[in-house]
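Quick notes on the structure that follows.
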Amino acid sequence: MKSLSMLKGNSLGIVFALMAASFYGCVPNFAKSAFVHGFPAIETVLMRTSAIAVILGIVARLRGESFYVPRAAVLSFTGQALATLIVSTCYLASIQFIPVGLAVIIFFAFPVIITITAPVVEGKSISLARMAVAVLAFIGLGISIGAGFDTLDIRGVLLAAMAAVGCALQFFSGRALTRSLKPAACASLVHIAIWPFVLALALASGDHHLKVLAGETEPMAYVFVGGACLAYVGGYFFHMSSLKAAPASTVAPYFNLEPIVTTVISTALLAETLKPHQYGGGALVLAALLLASLIGKREDKL
């Protein structure tokens with residue numbers, strides 16, 4: 001039987017995962033609203049990368065957290081930085097070639113990828129029950145989003161798939177990295193590392209200049225960009241906190257809450273309406289989350 005402290009750690013990790021998913025779910029809506037007001041999506045990525053590097057860097061300093069990356073953690077840090085860059089760029093680029101809904105479905109294959117690969121990475125067996133829950137959540141997402149499969153471009157499919165693989169790597173490397181770094185310091189350092197690459201992409205996509213500096217965006221756009229930045233800071237911080245408290249395979253299924261939060265907020269912020277199949281798919285995702293929690297508690301008692 002696992003110790004009481006381990007049980008608390010897993011429970012805390014799940015709570016942090018749900019908080020991270022809720023924050024992450026706000027980001028696309030703020031980013032889309034900013035885009036409508038003239039703020040390019042890649043520049044929003046640049047702004048949120050800058051914000052998290054500075055804000056959580058200050059938080060880490062105030063809390064006395066170390067920014068030193070031990071030699072043993074260099075590989076994990078490199079993996080986390082690469083994974084974060086892949087997720088930030090490939091996921092965004094994929095929607096230029098395929099419907100957003102299809103990109104989301106492919107991207108949210110990452111909990112299934114984590115569940116399947118966890119036995120190798122974490123050195124423990126994954127039950128058929130956990131595998132079934134991961135697949136159920138993925139099916140629920142597919143029903144909820146209801147993407148159109150009539151227009152497929154292999155480039156978009158490959159980019160979204162790369163983002164999903166990157167996200168799985170983000171979970172595993174993040175779990176390893178948080179053994180050496182506290183969440184705030186970890187998040188700040190990772191985004192400092194990828195900042196030059198994001199800046200280069202933003203300049204390349206904007207004909208070597210940034211609209212934010214050229215005054216080519218509407219004033220309201222900055223409000224939405226600020227919201228996207230704060231939501232991303234909260235999401236990434238609790239994401240790393242969840243991985244510090246519990247294994248990736250334990251917390252990953254709970255991130256399926258993210259697209260549900262995104263859909264609900266879009267109804268209020270962007271006046272988008274929910275369809276019956278979206279309610280049905282959302283119910284399947286929530287059922288999968290509940291089953292994952294019950295299965296986790298049962299397995300912890302064994």
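Details
- Criterion: buried (at least 17 other Cβ atoms within 10 Å of the Cβ), more than 19 Å from the chain's Cα centre (by Cα) and more than 21 Å from Val251 (Cβ to Cβ) - qualifying residue of Ala214, Ala221, Ala200: Ala221
- For segment 176-288, the helices (runs of 4 or more DSSP H) that sit wholly inside it and include 3 or more residues that are at pLDDT below 85 are 211-214, 248-251, 257-269.
- Hits in segment 47-73 (condition: of a type in the set (A, V, I, L, M) and under 14 Å from Ser188 (Cα atoms)): Met47, Ala51, Ile52, Ala53, Val54, Ile55, Leu56, Ile58, Val59, Ala60, Leu62, Val69
- Of Ala41, Ala34, all but one fail to be buried (at least 21 other Cβ atoms within 10 Å of the Cβ), under 27 Å from Phe107 (Cβ atoms) and of a type in the set (A, V, I, L, M, F, W, C); the exception is Ala34.
- Residue pairs whose Cβ atoms lie under 9 Å apart, sitting 6 or more positions apart in sequence or on different chains, and linking a residue in segment 13-39 that is at positive phi to a partner that is assigned to a helix (DSSP H, G or I) and surrounded by fewer than 20 Cβ atoms within 10 Å (Cβ to Cβ), are Gly38/Lys211.
- Restricting segment 51-98 to residues that are more than 17 Å from the chain's Cα centre (by Cα) and closer than 20 Å to Pro40 by Cβ leaves a set whose member that is modelled with the lowest pLDDT is Gln96.
- Residues in segment 30-49 that are modelled with pLDDT of 90 or more and of a type in the set (Lys, Arg): Arg48 alone.
The values are calculated or read from the model by the stated rules, or taken from the named source; none is laboratory data. Remember, it's a predicted structure, so these values are computed and weren't measured experimentally. Every residue, glycine among them, receives a Cβ derived from its backbone with ideal geometry; neighbour counts consider all protein chains shown.
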